[in-house]
Amino acid sequence: MEHRIVGPGPYRATKLWNETVELFRAKMPLRKHRCRFKSYEHCFTATEAVDWLHELLRCSQNFGPEVTRKQTVQLLKKFLKNHVIEDIKGKWGQEDFEDNRHLYRFPPSSPLKPYPKRPPYQKDVIKFPEWDDPPPGASQENIPVRPVVMVSALIEAGALAVGENSEMWYKRHSIAIGEVPACRLVHRRQLTEANVEEIWKTMTLSYLQKILGLDSLEEVLDVKLVNSKFIIHNVYSVSKQGVVILDDKSKELPHWVLSAMKCLANWPNCSDLKQPMYLGFEKDVFKTIADYYAHLKEPLLTFHLFDAFVNVLGLLPKEKMTIEAFQICCLLLPPENRRKLQLLMRMMARICLNKEMPPLCDGFGTRTLMVQTFSRCILCSKDDVDLDDLLAARLVTFLMDNYQEILKVPLALQTSIEERVAHLRRVQIKYPGADMDITLSVPSFCRQISPEEFEYQRAYGSQEPLAALLEEVITDAKLSSKEKKKKLKQFQKSYPEVYQERFPTPESEALLFPEKPKAKPQLLMWALKNPFQPFQRTRSFRM
């Protein structure tokens with residue numbers, strides 16, 4: 001039984017449905033059965049169908065080994081409802097399928113689900129504010145500006161920044177000799193809050209599109225419903241633990257739900273709990289939490305992001321890419337949904353890892369119970385999607401195993417966007433006379449100078465800042481003598497001319513580190529009191 005991987009792309013849920021139906025019809029074993037003294041060819045029992053389809057789903061990378069037999073029965077009920085199968089008398093349309101010996105067969109034709117027809121999308125590329133974007137009504141003309149000479153101190157500063165001498169730096173970053181055309185001064189719009197929000201939204205969606213490998217997100221996500229304020233809030237308004245902090249406290253979890261979740265998440269032993277204890281107490285607490293989440297108006301991952309999360313599931317063979325895609329998708333959530341999801345996943349993970357937790361259900365293991373209880377309140381479709389239960393279970397299983405990484409802010413994305421915004425906010429160059437900013441410190445443009453003039457500037461133009469740097473090392477009282485000698489030796493090696501001007505003679509250098517006078521050794525008192533004692537001892541030997 002081979003179930004090909006359905007990767008990210010439009011209508012992934014429909015593709016998975018059609019793929020499963022085709023495999024089930026093509027590979028399900030059929031044989032002759034007897035029922036009430038009558039024989040039926042090419043049919044199967046409900047139990048045989050459950051066994052075979054359950055194994056198919058568990059072996060499929062699209063669904064995974066976490067699929068339960070109960071979920072398989074639910075899927076076969078949907079097969080019966082959609083006339084993928086029918087009972088031996090030709091009846092279908094009722095969800096009365098049970099795991100028993102009742103006989104079923106395939107109808108002569110089983111139409112696959114058609115793909116929804118949507119209008120062809122048009123790529124709407126959002127243009128960021130650029131350096132050369134003029135304000136409305138402005139013209140781009142060359143305006144004569146007083147030329148500014150490139151001073152070699154800039155070269156020396158660059159060399160100091162990378163720890164090289166000026167000659168080495170100049171060889172690596174040489175200035176091209178030739179006619180340099182006059183640069184054109186341009187206007188640039190001031191970034192507004194709306195510009196920044198649009199940059200966050202566009203770059204976030206671009207990262208998601210790149211990871212999914214899609215030409216457009218239009219088929220998997222309604223871009224107009226993405227709120228840039230949600231993204232920025234989810235990145236910056238977080239606690240030390242990374243949990244979202246809400247501005248509107250009315251959207252917080254009810255106090256009694258939060259207390260119940262803390263009770264189970266921090267369950268150490270019965271004696272440490274402050275709650276009243278009785279037999280089955282933990283089951284009642286768990287039921288309280290499950291009932292609250294089951295009655296949410298929409299799933300935590302929202303209805304309009306359903307297709308986006310389902311498409312991310314197509315990356316599951318590539319775990320790192322899947323985590324990155326989930327990180328970005330979770331940034332698109334409303335802050336209150338993201339906070340509830342963070343608290344819920346933390347509770348679920350802690351309960352599964354707690355060996356002291358009593359069984360919360362007699363029929364299921366703790367991990368299976370967590371997935372089955374909360375999968376539908378985390379992910380489900382607003383429309384009737386026949387595989388949403390299996391897809392939700394698959395997603396929640398992966399989310400529970402990797403929730404700490406998935407619910408982190410993607411650092412690479414955050415850094416990239418912040419650098420982009422900082423780039424656009426740098427000092428702007430304006431036309432002289434038109435609201436000229438007198439604080440501009442950047443040169444308008446460079447002009448060519450002769451090699452002799454350049455060598456002169458390189459040799460003498462940066463003497464003063466280097467001499468000031470040397471004085472700072474000399475007068476730094478925090479440096480020990482050993483450290484100061486080491487730094488001065490390095491400076492002397494890199495800039496011998498500046499060092500020679502400050503210390504022209506060895507005597508001037510020695511004045512910086514005066515030698516401490518050596519203390520004379522004190523005479524021993526016994527030697528002064530008995531100066532002739534050795535001779536007396538010698539005489540005693542002769543006697």
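Details
- E453 - accessible surface, heavy atoms, 1.4 Å probe, Å² rounded to 10: 70 Å²
- Members of K113/K287; K340/K382; K27/K320; K210/K262 lying beyond 28 Å, as alpha-carbon distances in this model show: K113/K287; K27/K320; K210/K262
- The simple spin-label model puts a point 7 Å past each Cα toward its Cβ; for Q500 and S416 those points are separated by 5.3 nm.
- Two-site label geometry, K89 and Y278: point separation in nm, points 7 Å out along Cα→Cβ: 4.8 nm
- Heavy-atom SASA rank of R502, R31, R101, R420 (probe 1.4 Å, accessible area, largest first): R101, R31, R502, R420
- When all protein chains stay in place and ligands, DNA and RNA are ignored, the 1.4 Å accessible-area order of F513, F364, F37, largest first, is F37, F364, F513.
- Heavy-atom accessible surface of the range 47-108: percent carbon and sulfur, 1.4 Å: 46 percent
- Per-selection metrics, the range 1-108 (Cα): Rg and Dmax in Å: 14.1, 50
- Carbon plus sulfur fraction of accessible area for the range 472-518, probe 1.4 Å, in percent: 53 percent
- Sequence ranges 485-494, 304-313, ranked by mean other-Cβ count within 10 angstrom, highest first: 304-313, 485-494
- Taking 7 Å steps out from each Cα toward its Cβ at F37 and E464 produces label points 11.8 nm apart.
- Computed accessible area, L225, all protein chains, 1.4 angstrom probe, square angstrom: 100 Å²
- Loop-located GluC sites (Glu not before Pro) in the range 317-381 (DSSP state other than H, G, I, E, B) with a sparse environment of at most 13 neighbouring Cβ atoms within 10 Å: E356.
- Probe 1.4 Å, accessible area per residue of the range 336-402, Å²: 39 Å²
- Per-residue 3J(HN,Hα) values for the range 43-53, derived from phi via the Karplus relation 6.51 cos²θ - 1.76 cosθ + 1.60 with θ = phi - 60°, read 9, 7, 8, 4, 5, 5, 5, 5, 4, 5, 5 Hz in sequence order (x marks Gly and Pro).
The values are calculated or read from the model by the stated rules, or taken from the named source; none is laboratory data. Everything numeric in this text was worked out from a predicted model, so none of it was measured. Ideal geometry is used to build each Cβ from the backbone, glycine not excepted, and the neighbour counts take in all protein chains shown. With ligands, DNA and RNA removed, areas are computed over all heavy atoms of the protein, side chains included. Shrake-Rupley method; radii C 1.70, N 1.55, O 1.52, S 1.80 Å.
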